[in-house]
Amino acid sequence: MQIQKIKATNFKTYLSLDLDLQVEDECPIILIGGLNGGGKTTLFEAIYGALYGLNIKNKRHFEELLNNGAFGKTEPKIELELVFTGQVLHQTQKYILRRTYILNKAEKPVESVYLNMNGSVFTYGTATPAAQRAKCQIPIRTTA
């Protein structure tokens with residue numbers, strides 16, 4: 001897997017992060033550095049959260065993860081997006097994975113997931129209505 005781009009909106013220290021991580025074949029390494037509190041760990045938490053999801057327990061936890069600059073200025077939501085490529089059956093596939101977190105009317109955190117796999121789009125998550133989730137289940141392919 002090669003990560004090409006990470007976006008984080010209203011996540012911890014990032015009000016708006018849009019970081020291009022594409023590399024050249026002859027220079028395939030990216031170094032991340034900075035002062036304490038500069039957001040290095042948060043960057044890796046954003047990548048992990050985009051891939052595997054955030055385990056947001058309740059409203060208080062959601063508000064702890066929400067960037068302080070977002071309060072009262074933007075819609076209270078956390079959005080993590082990752083663009084990456086990977087090999088599937090010896091073919092390069094491009095993926096766009098976006099996870100959005102909001103509080104529902106009952107003030108419980110819910111997640112919406114958007115996945116674009118080489119142009120095939122799937123949406124799912126606790127913020128997605130059950131009928132829509134049933135239509136968007138990812139088919140499982142088996143090889144003989």
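The values are calculated or read from the model by the stated rules, or taken from the named source; none is laboratory data. Predicted model, so just to flag it, every value in this text is computed and none were measured. Neighbour counts run over all protein chains shown; Cβ positions are idealised from the backbone, glycine included. Side chains are part of the model used for accessible areas, which takes the heavy atoms of the whole protein and leaves out ligands, DNA and RNA. Shrake-Rupley method; radii C 1.70, N 1.55, O 1.52, S 1.80 Å.
Residue-level check: of (1) among the hydrophobic types (A, V, I, L, M, F, W, C); (2) over 15 Å from the mean Cα position of the chain (by Cα); (3) closer than 25 Å to Gly39 by Cα, Leu89 misses just (3). Out of Leu54, Leu43, Leu65, one residue alone is more than 20 Å from Pro109 (Cα to Cα) and modelled with pLDDT of 95 or more. It is Leu43. Residue count for region 1-53 satisfying the condition of being open to solvent by 90 Å² or more (accessible area, probe 1.4 Å), touching a residue at least 12 places away in the same chain (Cβ under 8 Å) and assigned to a loop (DSSP other than H, G, I, E, B): 2. Candidates in region 54-78 are the residues that are among the basic types (Lys, Arg) and within 16 Å of Thr9 (Cβ to Cβ); of these, the one that is least open to solvent (accessible area, probe 1.4 Å) is Lys77. Exactly one residue out of Thr74, Thr100, Thr85 is in contact with a Ser or Thr (Cβ under 6 Å, 6 or more places away or on another chain) and over 17 Å from Gly49 (Cα atoms), and it is Thr85. Residue-level check: of (1) over 21 Å from Leu97 (Cα atoms); (2) of a type in the set (D, E, K, R); (3) within 19 Å of the chain's Cα centre (by Cα), Lys7 misses just (1). The residue of region 88-97 that is farthest from Gly53 (Cα to Cα), among those that are without any contact (Cβ under 8 Å) to a residue 40 or more places away in the chain and in a strand (DSSP E or B), is Gln91.
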